[in-house]
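The structure appears below as structure tokens.
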Amino acid sequence: MKNNSLTVLFLGLASGIVGELYLRFGFSFLVLFFLLSIVFSFLKYFTEKQFSFFLLSLFFLGVALGAVRADYSDYKYNQTKNNLNIFIGVPHSFEGIVLGDVSHREQTVKFSVSLNNVLIGGEKEKIKGSVYVTASREIDVSHGDTIQFFGTIAEPKSFVTDKGNIFNYQEYLTTRGVHAVVLYPKINKIEGSSINIIGKLVYLKNSFEEKTKTIFPEPEASLLNGILFGASDSLGEPLTTNLKNTSTIHIAVLSGYNIALVVVALLFLTSFLPKRISILFSVCGIILFVAMVGAEPPAVRSAIMAVIALLGIILGRPYDAGRALFIAMVLMLLENPAIYSNPSFILSCLATFGIIFFTPIVSLFFSFLTNRYNFRELFSTTISAQFSVTPYLIYLTGLFSVTALPANILILPAIPFIMIFGFISVLASFVVGVFALPFVGITHMMLSYLLSVVSFFGGLSFASIELSGFSKTVTFLIYGLIVVAFLFTKKLIRK
């Protein structure tokens, strides 16, 4: 009963947040939802179906509270954005702190700056807001650095991709809490990164990435950094294109694979401790790891699900992956309502949903396949994940990957081994280089294999097909049909 109540309340919260930001309910509907919650809470005393009315009351209360949370977040964002608007188009000198991971591209670096001051008439004035800076490649900044820059704040503009789709850059940056952009300002570092645990972790990650580049050639080094830390910005155009054409770009994004290996490693390293202490250390380790790699939506989602699983062990509760995914989604929406439109968040949730709910059904249709080396499970999981994300990917990119299934089936089994041997290779090279050689050799062979598969399938003339006309409405309808088909198939199987 408690679980049902929590699920319904969370469903209401999620519905309220997404509904308010997408449909803009307005104040009248907000009052209506509160009134409905009150009405159903009273009706439960005058009927035999008390629990049903209680759940309805909880749902509408959740919708109302979710809408309030979305409105408050929207109000705070727009208030800060409006304060920055007076500086748009006019060069000024600003001070701020670099926050988050610094994205190193082939020709540029990109990073977020939390503004503290603006120089007006020779005097510093306090200012709030976050800007996304694009600077030349030689600029050397990291998380926590205090910088002064002279440049012009501009509004993010939507642009047309090379496939003819319109990318809403403003909406994308809103999901990251960014209010404006600054292109190629003059930058002076005032103060280095403050000594805090996040700064130290980011420095450790950066050192790891640099060491990777000294022991592996390109593009193997950048690909390994992408697999280990989600650092996919420096992959280069040819490799990125092939990864997109084969729908394997997800291997360079932090996901459940990474978090699972971190959990296993932490539990192993703390296995000498009492079980509860070991689990609590592991939970802390997961949180620190996610903070180190930049807290991107897929990593945060995976981390929350892992923490729920670990805490369930302490509390003696069975782990329900579907419920854990749902809780993770709602918690992330509550923390940042704007994330509902973030592509990484949506793709991560869709893929995980497919793996959890579709895989058991899909595997029944392929029972004739051998399960030696878990082949049938891998095949079913890959189909389920691809089936779940394909409509949204077509909407985003206008491309349908013909080679996604064979490429993923050939690549995915190697990913855990690349993670393990790649991490050991770099770690050993910090200690005694000669100890790293066997691991470097094995990792290099596996990375070469992965690149060969991606290059072969991505380079085929029919690797991807351009599809147009995938509007939001069409995408929603397709997912609606998928859900109906899933429920119908599940019902047939039960019979």
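If R0 is taken as 35 Å, the Cβ-Cβ distance between residue 32 and residue 167 corresponds to a FRET efficiency of 0.50.
Diagonalising the gyration tensor over the Cα atoms of the chain and scaling each eigenvalue by 5 before taking the square root yields semi-axes of 36, 33, 24 Å, largest first.
A Förster radius of 30 Å, combined with the Cβ-Cβ distance separating residue 473 from residue 321, puts the computed FRET efficiency at roughly 0.50. Spacing of the modelled spin labels on residue 280 and residue 486, each 7 Å from Cα toward Cβ, amounts to 3.7 nm. Using the Cα centre of the chain as origin and beta-carbon charges of +1 (Lys, Arg) and -1 (Asp, Glu), tell me which of 201, 107, 267 is placed farthest towards the positive end of the dipole. Of the candidates, 267 comes out farthest on the positive side. Distance between Cα centroids, the range 278-296 to the range 170-242: provide it in whole Å. That distance is 19 Å. With a cut-off of 15 Å between beta carbons, the residues surrounding residue 362 carry a summed charge of +1, where Lys and Arg count +1 and Asp and Glu -1.
Remark: spin-label model distance residue 370-residue 183 equals 5.7 nm, labels positioned 7 Å along the Cα→Cβ axis.
For the chain, the relative contact order is 12 percent, taking Cα pairs closer than 8 Å that sit 6 or more residues apart in sequence and dividing their mean separation by the residue count.
Calculated FRET efficiency, residue 41 to residue 437, Cβ-Cβ distance, R0 = 60 Å: about 0.30 to the nearest 0.05. The overall shape of the range 131-253, judged from the alpha-carbon gyration tensor, is oblate: a/c is not under 1.5, and a/b is no greater than b/c.
Here the range 201-494 is assigned +1 on the Cβ of each Lys and Arg and -1 on the Cβ of each Asp and Glu. Its dipole about the Cα centre then comes out at about 1000 debye. Structure note, pairs 126/205; 126/157; 76/244: Cα-Cα distances above 29 angstrom occur for 126/205; 76/244.
Residue 216 sits among other residues whose Cβ lies under 14 Å from its own Cβ, and their net charge, with Lys and Arg +1 and Asp and Glu -1, is -2. Taking the helices alone, the chain has a mean residue ellipticity at 222 nm of -20500 deg cm²/dmol, built from -39,500 (n - 2.57) per DSSP H run of at least 4 residues and averaged over all its residues. At full extension, residue 76 and residue 341 could sit 93.6 nm farther apart than now, given 0.36 nm per residue minus the alpha carbon distance. Each of 405, 230, 38 was placed along the dipole of the chain (beta-carbon charges, centred on the mean Cα), and the one lying farthest toward the positive end is 38. Extending 7 Å from the Cα toward the beta-carbon at both residue 110 and residue 455 defines two label points whose distance is 2.7 nm. Rounded to the nearest 20 debye, the dipole magnitude of the chain is 1500 debye, with +1 charges on Lys and Arg beta carbons, -1 on Asp and Glu beta carbons, and the Cα centre as origin. Taking each of 213/275; 128/200; 81/472 in turn, the alpha-carbon distance tops 30 angstrom for 213/275. Annotation: aspartates and glutamates with alpha-carbon distance below 18 angstrom to residue 189 (same-chain offsets under eight excluded): 95, 101, 138, 140, 145.
Coordinate-derived values only; no laboratory data. If you're wondering where the values come from, they're calculated on a predicted model, not measured in any experiment. Positions of Cβ are backbone-derived with ideal geometry, glycine not excepted, and every protein chain shown enters the neighbour counts.
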